[in-house]
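Take a look at the structure set out below.
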Amino acid sequence: MDANGYVRDANPYFCRAMHYTREELVGLHVTQISKEKPEVIERNIFRMIAGEVLQHEVTNVQKDGSLRFYELRERR
């Protein structure tokens, strides 16, 4: 994900888990695949840019519309 919240790359595991191809995910805005509030996403992006390592739970929307719950560890 870039500083504006767009997916720039996706690893094969995440693609399989979300039922998307890498090509389908790249270019999507994170709000298109996440149930998190946009302001929470924006705050987390800024925290990562500042060098913070985040460990949190998120709810994402798979390609078929079903929800998938993740525990993430994210960093810049």
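Highest average first, the peptides 6-15, 28-37 ordered by how many other beta carbon atoms sit within 10 Å of their residues are 28-37, 6-15.
A 1.4 Å probe run over the chain, with the rest of the protein chains in place, finds 70 Å² accessible per residue.
Spin-label model, Leu67 to Asn11: label points 7 Å out along the Cα-to-beta-carbon direction sit 2.5 nm apart.
Computed over the alpha-carbon atoms, the chain gives an Rg to Rh ratio of 0.93, Rh here being the Kirkwood radius from the mean inverse distance. Measuring nothing but how far apart in sequence close Cα pairs (under 8 Å, 6+ apart) lie, relative to its length, the chain scores a relative contact order of 27 percent. The accessible area of Leu67, taken with all protein chains in place and a 1.4 Å probe, comes to roughly 90 Å². Each of Leu25, Val53, Pro38 was placed along the dipole of the chain (beta-carbon charges, centred on the mean Cα), and the one lying farthest toward the positive end is Val53. When a 1.4 Å probe is rolled over the protein heavy atoms, the share of accessible surface on region 10-76 that falls to carbon and sulfur comes to 51 percent.
The values are calculated or read from the model by the stated rules, or taken from the named source; none is laboratory data. Because the structure is predicted, anything quoted here is derived from the model rather than measured. Virtual Cβ from ideal backbone geometry, glycine too; neighbours counted across all protein chains shown. These accessible areas exclude ligands, DNA and RNA; they are computed on the full protein's heavy atoms, side chains included. Shrake-Rupley method; radii C 1.70, N 1.55, O 1.52, S 1.80 Å.
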